[in-house]
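Have a look at the structure below, then the notes.
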Amino acid sequence: MSAQVINGKEIVSEYRAQIKEQVATLQSKGVQPGLAVVIVGDDPASHVYVRNKAKACEEAGMYSEVHKLPENTPEQELIELIEKLNQSAKVHGILVQSPLPKHISEERVVEAIAPGKDVDCFHPVNVGNLMIGKEGPLPCTPAGVIEILKKIGADIAGKHAVVIGRSNIVGKPMAMLLLREHATVTVCHSRTKNMEEITRQADILVAAVGKAKMIKSHHVKPGAIVIDVGINRLDTGKLAGDVDFDDVLDTASYITPVPGCVGPMTITMLLRNTLEAAERAAGVRVTV
Ligand code: NDP
């Protein structure tokens, strides 16, 4: 039987409508959530991401500002801008689009962002809070995956979840959030031996590898939920996930399409984090 293709568009539009209402409620109490996005250089894909993020913010009724800096911007100048944004009352969330030019240290830049405004959840303080289960922003892509799983009614507790990839942005925090939902979690990476034996045990399989169509039906247990985080540009110019969608379709029970599911859900979680950062800054709660 063919897997159910998860309707990312519907999930995202429902979620964003809810955020828009909460933003309006917060605004009626005198607070408009605001996001500042900073981009350095001319990478075309990064400019598209930044535009999409700013547009999503505005559509949700949030304030947004975009700072475009030239490729040769000195690190100190970028850090000074972040320090200004840390002080700005209009800005509750700060996002610095990666990748940064080679002469700038991502680590120093991330650490310059006030933890309360770190809506990507990259600051070591927030990463630490995530580890110990303290309240704070959740990393956008993994949080989006958890929301997708909840939306389809997946029962995560006690299930074996296998995450392929261990990056700081996706794989590691994904494993942590699945653990928080009481899954039994295994993380695979480039040194994993006999990966197929492990992925075939997964009730929930999350692919975050960055290799187009690498995950085939023989990696998947019949009936598994398959979540594809990957975004890879093919030579044809088309986008493909890390999962070979057509090959896996008849094996999985649910599968996410690429594009159109985890990507837009990631931006939705960015909106949620900005809204919650504004709530925390103002000491007012409109979300539940
Ligand atoms: P990274 O390149 O940072 O990490 C890739 C991970 O995959 C590494 O842990 C690596 O292992 C592992 N890996 C690589 N090759 C293999 C292999 N053959 N077998 C098993 N594991 C392997 O990528 P990211 O985590 O940043 O991103 C992953 C994918 O998700 C990309 O396609 C990216 O574009 C996409 N992405 C999508 C987002 C969205 O919004 N939908 C957001 C962020 C990323 P090792 O650590 O050993 O090197």
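The HN-Hα couplings worked out from phi for region 12-20 by the Karplus form 6.51 cos²θ - 1.76 cosθ + 1.60 (θ = phi - 60°) are 5, 5, 4, 5, 5, 5, 5, 5, 4 Hz, whole numbers, x standing for Gly and Pro. With 0.36 nm allotted per residue and the present C-alpha distance subtracted, the D235-K90 stretch has 48.0 nm of extension available. As a size descriptor, the averaged projected area of the C-alpha convex hull of the chain was calculated at 14.9 nm². Label-to-label distance, A114 versus K211, with points set 7 angstrom from Cα along the beta-carbon direction: 4.3 nm. Using the alpha-carbon atoms, what tilt in degrees (0 to 90, nearest 10) does helix 262-282 show relative to the longest principal axis of the chain? Here the helix axis deviates by roughly 40 degrees. Within region 239-287, the trypsin sites (Lys or Arg not before Pro) that combine a DSSP coil assignment with at most 13 other C-beta atoms in a 10 angstrom radius are R285.
Contact order normalised by length for the chain, with contacts defined as Cα pairs under 8 Å and 6 or more residues apart; what percent is it? Display every interim value, and only then the final one.
Numbers: 561 pairs, mean separation 64.9, N = 288.
Worked out over the chain, it gives 23 percent.
Express the relative contact order of region 29-123 as a whole percentage, based on alpha carbon pairs under 8 Å and six or more residues apart in sequence. Taking the mean separation of contacting Cα pairs over the length of region 29-123, I get 35 percent. Between E65 and L35, A36, V37, the built amide H atoms are under 5 Å apart, and every one of these is 5 or more places off in sequence or on another chain.
Take every Cα pair under 8 Å in region 140-263 that's 6+ residues apart, average their separations, divide by the length, and report that relative contact order as a whole percent.
Details: 262 pairs, mean separation 26.9, N = 124.
Relative contact order comes out at 22 percent.
With no solvent and one equal point scatterer per Cα, compute the Debye intensity ratio I(q)/I(0) for region 41-126 at 0.15, 0.16, 0.17 Å⁻¹ and report its log10, rounded to two decimals. With one equal scatterer per Cα and no solvent, log10 I(q)/I(0) is -0.56, -0.64, -0.73. Roughly speaking, what is the centre-to-centre gap between region 54-101 and region 144-219 when only Cα atoms are used, to the nearest Å? Centre-to-centre distance over Cα atoms comes out at 32 Å.
Amide hydrogen proximity for V96: with H placed 1.01 Å from N in the peptide plane, the residues at 5 or more positions away or on another chain lying under 5 Å are V38.
Placing dummy labels 7 Å off each Cα toward the beta-carbon, the span from A45 to H103 is 2.4 nm. With the biggest extent put first, the Cα atoms of region 140-263 measure 41, 30, 28 Å across the principal axes. Each residue of region 239-247 is assigned a 3J(HN,Hα), and the resulting list reads 9, 9, x, 7, 9, 6, 3, 5, 6 Hz, derived from the Karplus form 6.51 cos²θ - 1.76 cosθ + 1.60 (θ = phi - 60°), x at Gly and Pro. Computed from backbone phi with θ = phi - 60° and the Karplus coefficients 6.51, -1.76 and 1.60, the 3J(HN,Hα) list for region 180-190 is 4, 8, 6, 6, 8, 10, 10, 10, 9, 8, 5 Hz; x is used for glycine and proline.
Using DSSP loop states and a limit of at most 15 other Cβ atoms within 10 Å to flag GluC sites (Glu not before Pro), what is the longest stretch of the chain containing no flagged site? The answer is 136-288. Let's test the formula: R0 of 41 Å, r as the Cβ-Cβ distance of K150 and E80. What FRET efficiency results, to the nearest 0.05? Given R0 = 41 Å and the Cβ-Cβ separation, E is 0.50.
Just so you know, all these numbers are worked out from the coordinates, no wet-lab data involved. Predicted model only: the values in this text are computed from it and were never measured. As a convention, Cβ positions derive from the backbone with ideal geometry for all residues, glycine included, and neighbour counts pool all protein chains shown.
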